[in-house]
Amino acid sequence: MLELKGITKKYSIIPAVRNVSFTLKPGEITGYLGPNGAGKTTTIKIMAGLLEPTEGEVLFEGTPIKKDMFSYKSVVGYVPEQSEVYKHLSAWDYLFMVGRLRGISDRLLGTKVTELMYLLGLSSEMDMAMSSYSKGMVQKVLIASALLHDPSVVLMDEPLSGLDVSTALVIKDLLVLLSQEGKIIIYSSHVLEVVEKICSRVIIIDKGVIAADDSVRNLSHLMNLPSLEEIFSRLVVKEDPELTARGIAQAIKKRD
């Protein structure tokens, strides 16, 4: 179990997240939603042990992660929103570097990397520098590196960004399989239909504060709304999307 208790993170004096508390359970895929700047990435980086909260704490299996950050990070797999890789390396070398840091033997790494690159459609490019990769190809490497050590906690921040449709379908099915194995999974995305399909629970954050935390079914029932998109719009979107779209369409048609 992964628990956030009263997490606040301030940059200078400005809070990115304020008094955020929730618990993530094994076998559950939790969708984490919010508009840009709402605090999603900050929260996930705190859960990954990459940011220190200004207030509050994160507990894993009842113990604050800061007491033994090394042990905690050894069971965490994290896919960041930004493609943070050493692009002068090949995918093969990058994954070997990550695997060795994780303490995986070279023999086992050779097997795992070969299989993962084949399954992700990168076998013919795995010896090429990642500087020549498309965004989707880099994203595949990031996902492979996050899962290489079979983590217990999987933190995904916009994991489908740049992926082709077939790979996105594979990753969605993979997350379901991993949840069935009892892993703790948080999935942050702007693609609401994917969240609605695979997540058993949804947390919505807005301006650094939790606005909702429940199953999609319960939220739909409580708010009398048929879809996650409409729930999200009611809770978070302040302007009328159609009205804004019409305004943009009119603005681009203006002439001298």
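The values are calculated or read from the model by the stated rules, or taken from the named source; none is laboratory data. These numbers were taken from a predicted model, which means no experiment stands behind them. Note: ideal-geometry Cβ built from the backbone for every residue, glycine included; neighbour counts use all protein chains shown.
Out of the residues in segment 206-236 that are at pLDDT 85 or above and in contact with a Lys or Arg (Cβ under 6 Å, 6 or more places away or on another chain), which is surrounded by the most Cβ atoms within 10 Å (Cβ to Cβ)?
The selected residue is GLY208.
Filter segment 155-171 for residues that are charged (D, E, K, R) and closer than 15 Å to GLY136 by Cβ; which is surrounded by the fewest Cβ atoms within 10 Å (Cβ to Cβ)? Break it down into steps so the answer makes sense when it comes.
Going through segment 155-171, the residues charged (D, E, K, R) turn out to be 157-158, 164.
Then keep just the ones that are closer than 15 Å to GLY136 by Cβ; that gives 158, 164.
Values: GLU158: 19, ASP164: 15.
Among them, the one singled out is ASP164.
Yes or no: segment 144-155 includes at least one residue that is hydroxyl-bearing (Ser, Thr, Tyr), within 16 Å of ILE44 (Cα to Cα) and in contact with a Gly (Cβ under 7 Å, 6 or more places away or on another chain). Let's see the steps before the verdict.
The initial filter retains those residues of segment 144-155 that are hydroxyl-bearing (Ser, Thr, Tyr), namely 145, 152.
Among the residues that remain, those that are also within 16 Å of ILE44 (Cα to Cα) are: 152.
Among the residues that remain, those that are also in contact with a Gly (Cβ under 7 Å, 6 or more places away or on another chain) are: none.
There is no residue in segment 144-155 that is hydroxyl-bearing (Ser, Thr, Tyr), within 16 Å of ILE44 (Cα to Cα) and in contact with a Gly (Cβ under 7 Å, 6 or more places away or on another chain).
Surrounded by 15 or more Cβ atoms within 10 Å (Cβ to Cβ), more than 24 Å from ARG201 (Cβ to Cβ) and under 16 Å from the mean Cα position of the chain (by Cα): is that true of GLY99 in this structure?
Values: surrounded by 15 or more Cβ atoms within 10 Å (Cβ to Cβ): yes; more than 24 Å from ARG201 (Cβ to Cβ): yes; under 16 Å from the mean Cα position of the chain (by Cα): no.
No, not satisfied.
All but one of (1) at pLDDT below 95; (2) under 27 Å from GLU61 (Cβ atoms) hold for LEU155, so report the exception by its number.
LEU155 satisfies every listed condition except (1).
So for segment 187-195 (the condition being assigned to a helix (DSSP H, G or I), of a type outside the set (Val, Ile, Thr) and out of contact with any strand residue (DSSP E or B) (no Cβ under 6 Å at 6 or more places or on another chain)), does at least one residue qualify? Show your work before the answer.
Within segment 187-195, the subset assigned to a helix (DSSP H, G or I) is 192-195.
Imposing the further condition that a residue be of a type outside the set (Val, Ile, Thr) reduces the set to 192-193.
Cutting the leftovers down to out of contact with any strand residue (DSSP E or B) (no Cβ under 6 Å at 6 or more places or on another chain) gives us 192-193.
Within segment 187-195 (the criterion being assigned to a helix (DSSP H, G or I), of a type outside the set (Val, Ile, Thr) and out of contact with any strand residue (DSSP E or B) (no Cβ under 6 Å at 6 or more places or on another chain)), the answer is yes, since at least one residue qualifies.
If a residue must be touching a strand residue (DSSP E or B) at 6+ places or on another chain (Cβ under 9 Å), of a type in the set (D, E, K, R) and surrounded by 14 or more Cβ atoms within 10 Å (Cβ to Cβ), how many such residues does segment 56-84 contain?
So the answer is 2.
Determine whether VAL58 is in contact (Cβ under 8 Å) with a residue 40 or more places away in the chain, of a type in the set (A, V, I, L, M) and closer than 13 Å to VAL209 by Cβ.
Spelling it out, it is not the case that VAL58 is in contact (Cβ under 8 Å) with a residue 40 or more places away in the chain, of a type in the set (A, V, I, L, M) and closer than 13 Å to VAL209 by Cβ.
List pairs: first in segment 34-49 and within 27 Å of GLU230 (Cβ to Cβ), second among the aromatic types (Phe, Trp, Tyr) and surrounded by 24 or more Cβ atoms within 10 Å (Cβ to Cβ), Cβ under 8 Å, 6+ apart or cross-chain?
Note: pairs meeting the criteria are LYS40/TYR32; THR43/TYR32; ILE44/TYR32.
Give segment 17-44 a look and list any residue that's under 17 Å from GLU81 (Cβ atoms), crowded, with 21+ Cβ neighbours inside 10 Å and of a type outside the set (Ser, Thr, Tyr), or say none.
Matches in segment 17-44: VAL17, GLY31, LEU33, GLY34, ALA38, GLY39, LYS40, ILE44.
Check off (1) more than 30 Å from ILE13 (Cβ to Cβ); (2) touching a strand residue (DSSP E or B) at 6+ places or on another chain (Cβ under 8 Å); (3) part of a helix (DSSP H, G or I) for LYS87 and give me the number that stays unchecked.
(3)
Residues that are touching an Asp or Glu at 6+ places or on another chain (Cβ under 8 Å) and hydrophobic (A, V, I, L, M, F, W, C): does segment 166-189 have at least one? Outline the logic, then answer.
Step one: list which residues in segment 166-189 are touching an Asp or Glu at 6+ places or on another chain (Cβ under 8 Å), which gives 179, 184-185, 188-189.
Next cut, hydrophobic (A, V, I, L, M, F, W, C) only: 184-185.
Within segment 166-189, one or more residues are touching an Asp or Glu at 6+ places or on another chain (Cβ under 8 Å) and hydrophobic (A, V, I, L, M, F, W, C).
If you take the residues in segment 172-198 that are modelled with pLDDT of 90 or more and of a type in the set (A, V, I, L, M), which one is farthest from the chain's Cα centre (by Cα)?
Going through the qualifying residues, I end up with LEU177.
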